[in-house]
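The values are calculated or read from the model by the stated rules, or taken from the named source; none is laboratory data. Quick caveat: nothing in here was measured; it's all calculated off a predicted structure. Heads up, the Cβs are rebuilt from the backbone with ideal geometry, glycines too, and the neighbour counts pull from every protein chain shown.
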């Protein structure tokens with residue numbers, strides 16, 4: 001399948017914007033990793049802007065054999081003036097993978113606002129009779145993708161603090177804020193149990209502060225002796241999922257083949273294979289089937305733990321009655337803070353939740369189609385030509401999304417004068433920043449080069465599709481915008497091709513035409529970025545920690 005289409009390229013006239021608002025933030029030092037040997041080119045005397053040596057340098061990098069037969073779309077521009085310094089098939093539409101999150105996050109900041117918070121409410125239309133609430137409890141989801149089990153526990157504690165010890169009715173989830181479409185267009189069926197492809201609901205649970213909503217964490221360790229079943233724990237502890245433990249503990253030195261999975265349509269998690277004595281923990285993030293029920297179960301268990309008895313079993317969701325009173329509420333972190341796990345860790349579920357939330361807030365419909373239409377409308381205000389792209393979801397998980405590098409570059413240029421730009425810019429992963437909350441998916445890349453702690457960019461990975469788009473300062477301090485999209489290659493990874501381009505920019509004085517080019521590195525097999533273990537960015541390879 002190819003993401004390119006044969007049609008005339010759109011106009012490449014750059015939108016010119018006013019000065020950006022900048023915020024200088026301290027960066028962390030990081031460990032060194034070798035990228036490549038260098039070769040310096042200088043522009044011939046009297047050469048024009050397109051003949052500075054940058055074209056030769058980047059063209060040479062893109063001639064890497066791993067891209068033979070593939071497709072590229074690349075733009076490099078001056079961040080202040082918008083002048084294009086390099087363009088290669090910049091109007092060709094390629095799969096952007098998680099570079100799609102640049103579109104969604106910028107639209108969310110503009111349309112919802114950096115102070116936007118999601119609210120989860122507990123309500124009831126019933127009446128109090130001493131310690132008894134006669135009626136039902138409604139758990140109304142506001143779309144928060146960061147709700148933890150402890151947040152539902154706090155809601156339950158607040159209910160108990162009102163003096164209620166018994167509810168005669170049921171806990172009824174209200175997930176009507178969004179539609180019932182749980183999975184995005186063209187998402188792969190064999191990814192359904194994977195944490196990065198969880199179902200979308202305005203009521204959900206995240207098992208930890210990576211905020212991978214709609215998942216549970218399953219850990220398995222060897223039993224006491226050969227022949228025993230592995231010991232398995234699920235976080236958060238909930239009866240909503242069942243464990244079918246078919247694994248076996250074997251002697252030390254044996255092959256560790258233990259696997260964790262969930263079949264379509266249910267919440268039975270199967271443990272299979274063998275784990276030797278002395279082996280380290282097997283840890284997997286597994287999605288649940290129907291996150292609304294998951295949230296309801298976690299909340300109901302929390303009520304019981306706080307001494308609130310529920311008279312009847314939970315009931316399938318419906319809208320909260322208009323006369324229901326709010327008994328307890330939980331508010332999420334503001335959007336400016338939510339952007340950090342979303343963008344740093346490339347959290348797909350956050351992108352989809354924001355898309356539906358935008359649709360609900362701006363068009364009254366919590367659907368993908370409504371949200372994407374609103375995102376497109378915003379992008380046009382930033383000079384993006386939306387007639388040249390297709391955005392099929394909010395995260396980039398869909399292989400139906402195709403975007404030219406030119407349009408990503410226009411967005412990166414356009415947002416620099418937005419009042420929320422500093423917070424948005426801070427959400428981008430920082431090259432070789434040791435703190436995972438800062439470096440995110442770039443934490444192990446570009447170390448030991450002038451790009452380290454310099455590049456802020458969004459990564460992207462799908463099989464046969466890779467992207468890196470963001471900002472870098474060159475050797476003279478000139479800020480540049482770049483967008484690099486690579487598609488249809490057969491190699492396991494082309495990350496070092498992207499890295500070579502941005503290191504070349506960081507090493508060079510682009511205005512003076514002093515270009516210090518590097519060649520793409522051939523990393524050790526299995527290193528981050530290349531080889532079988534490095535095929536996907538680190539956020540896709542839990543429990544590997546970025």
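Worth a mention:
- Selection from segment 253-270 of residues that are in contact with a helix residue (DSSP H, G or I) (Cβ under 9 Å, 6 or more places away or on another chain) and exposed (fewer than 14 other Cβ atoms within 10 Å of the Cβ): 264
- Within the option set 166, 185, being farther than 30 Å from residue 419 by Cα and out of contact with any helix residue (DSSP H, G or I) (no Cβ under 8 Å at 6 or more places or on another chain) holds for one residue only, 166.
- Enumeration of residues in segment 49-68 that are crowded, with 18+ Cβ neighbours inside 10 Å and at pLDDT below 95: 52, 53
Yes/no per residue for (1) surrounded by fewer than 19 Cβ atoms within 10 Å (Cβ to Cβ); (2) closer than 30 Å to residue 186 by Cα; (3) touching a helix residue (DSSP H, G or I) at 6+ places or on another chain (Cβ under 9 Å); (4) modelled with pLDDT under 95:
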| site | (1), (2), (3), (4) |
| --- | --- |
| 76 | no, no, yes, no |
| 102 | no, yes, yes, no |
| 105 | no, yes, yes, no |
| 117 | yes, yes, yes, no |
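- Filter pass, residue 384 being touching a strand residue (DSSP E or B) at 6+ places or on another chain (Cβ under 6 Å) and either at pLDDT 95 or above or closer than 19 Å to residue 116 by Cβ (or both): no
- Residue within segment 360-370 that is over 30 Å from residue 242 (Cβ atoms), part of a helix (DSSP H, G or I) and within 20 Å of the chain's Cα centre (by Cα) present: yes
- Selected residue [within 27 Å of residue 324 (Cα to Cα), outside the structural domain of residue 262 (by TED's automatic domain parsing) and either free of Cβ contacts under 8 Å to residues at least 60 places away in the same chain or in contact with a strand residue (DSSP E or B) (Cβ under 7 Å, 6 or more places away or on another chain) (or both)] from 140, 93, 88: 140
- Of all residues in segment 177-227, those that are over 30 Å from residue 253 (Cα atoms) and not in a helix (DSSP H, G or I) total 31.
- Failed criterion for residue 127 (all others in (1) farther than 30 Å from residue 488 by Cβ; (2) in contact (Cβ under 8 Å) with a residue 24 or more places away in the chain hold): (2)
- Residue among 227, 214 that alone is surrounded by fewer than 16 Cβ atoms within 10 Å (Cβ to Cβ) and on the phi > 0 side of the Ramachandran plot: 227
- Restricted to helices (runs of 4 or more DSSP H) entirely inside segment 417-509, those with at least 2 residues that are closer than 26 Å to residue 384 by Cα and assigned by TED's automatic domain parsing to the domain that holds residue 75 are 421-426, 495-507.
- Selection from segment 269-328 of residues that are closer than 24 Å to residue 200 by Cα, without any contact (Cβ under 8 Å) to a residue 60 or more places away in the chain and in the same structural domain as residue 257 (by TED's automatic domain parsing): 269, 270
- Hey, residue 163 surrounded by 18 or more Cβ atoms within 10 Å (Cβ to Cβ) and over 14 Å from residue 302 (Cβ atoms) or not: no
- Any hit, segment 152-172, residues being assigned to a loop (DSSP other than H, G, I, E, B) and under 26 Å from residue 360 (Cα atoms): no
- Only one of the numbered conditions (1) in a loop (DSSP other than H, G, I, E, B); (2) surrounded by 20 or more Cβ atoms within 10 Å (Cβ to Cβ) is violated by residue 85, and that is (1).
- The set of residues in segment 391-433 that are more than 19 Å from the chain's Cα centre (by Cα) and under 25 Å from residue 72 (Cα atoms) comprises 404, 405, 406, 407, 409, 410, 413, 414, 415.
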